[in-house]
Amino acid sequence: MDQEGGGSNGGSRSSCYYSVLGIRSDASSSDIRTAYRKLAMRWHPDKFARNPTTAGEAKRRFQQIQEAYSVLSDESKRSMYDAGLYDPLEEEDQVRNNSFRFSYRAWGKDFAVNKTR
């Protein structure tokens, strides 16, 4: 898994997602998953809980790794990212402003809950 600066950072707050995961822009989904798991284990904030001087850096890196994986593991997001059209800030705004409708069945009755974030 060579490191290559592929794609655009699409307005991302971090560097190129491929570079964050240390993979090439033509990496397979299996390569993406393997790189994510390796880095997530290495930088998981719980491993740095006893060392507050590096805990902040570990948390920042772990969040970058998660963000990169969430985009590159989703084919539609990855296509938009590669075309330079993906904006993670726009996605956050959509999630924040959307209303969600949850329904569930309990004790033989249907319930619906409208929830606005």
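Quick note: the coordinates plus some simple rules give every number you see, no bench work behind them. These figures come from a predicted structure and were not determined experimentally. As a convention, Cβ positions derive from the backbone with ideal geometry for all residues, glycine included, and neighbour counts pool all protein chains shown.
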At what distance in nm do the modelled label points of LYS47 and LEU89 sit from each other, each positioned 7 Å from its Cα along Cα→Cβ?
3.2
At THR54 and ASP26, where each label point lies 7 Å from the Cα along Cα→Cβ, what is the point-to-point distance in nanometres?
3.6
